[in-house]
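Notes follow the structure.
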Amino acid sequence: MLFTGLVTIGANARYRQASKTVNVVRAAQFITAGSEIKPEMVEKVPVPAQAASGMATAVEEVAGRVATVSMVKGQYVWKDAVREGKGLKEGYVVVYVPVDLSSSAAVLAGEVVDVYAIDKTAGGAPAAKLLAQGVRVLHSLGQDGVEIEPGKSGGISPVPASKSPVSVGLEVPKDVAAQLVQYASAKAVYLARSAVTGA
């Protein structure tokens, strides 16, 4: 009887330990890589304590910091997925470029691209020139002006026209911005998925 009592006490202790929960932070909406996290963009939810290792446990841990990766709604926020600082790297600006399905390469926020311009002023056939390499895509907007979320566009899979980007926000060095704007105004900018991982 004593043995049974000890087993029961031990089992109850293990159950209490296993069922103990802690609050962690998760995305309350789609958060793009490179954007500053606002308090209303995240929420706290309970998870088993043993599963919470490495996750942010307070909104204050992530609010005002920058997302290093894109996070879909409902995704838990890991401590190493945020960094100090503002969204843009120093010396960089965001340029919004009008695109269609072909010229956008169907990119989503958080991806890295190489930016090409089609120079139609040169004699003969139009020539493509590389404007910037390893550029972060900060925004990918659909026809409704709303950020296209991963899983809703299909990435490089066939994409319905309503979900293909019509404007893409690119983080580029200031010295490239003026040239990029000039080509963007003529709708002569093409994006290619980059082999460079970005910084």
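Averaging Cα coordinates gives a centre for the range 64-101 and one for the range 164-181; these two points are 16 Å apart.
Anything over 21 Å Cα to Cα? Flag those among Lys89/Lys187; Lys38/Lys79; Lys120/Lys187; Lys20/Lys44; Lys89/Lys174, in the order listed. Mind showing how you got there, number by number?
Working: Lys89/Lys187 26 Å; Lys38/Lys79 16 Å; Lys120/Lys187 11 Å; Lys20/Lys44 16 Å; Lys89/Lys174 11 Å.
Too far apart for the 21 Å limit: Lys89/Lys187.
Each reported figure results from applying straightforward, stated rules to the coordinates on display, with no laboratory input. None of the values given here were measured: they were computed from a predicted structure.
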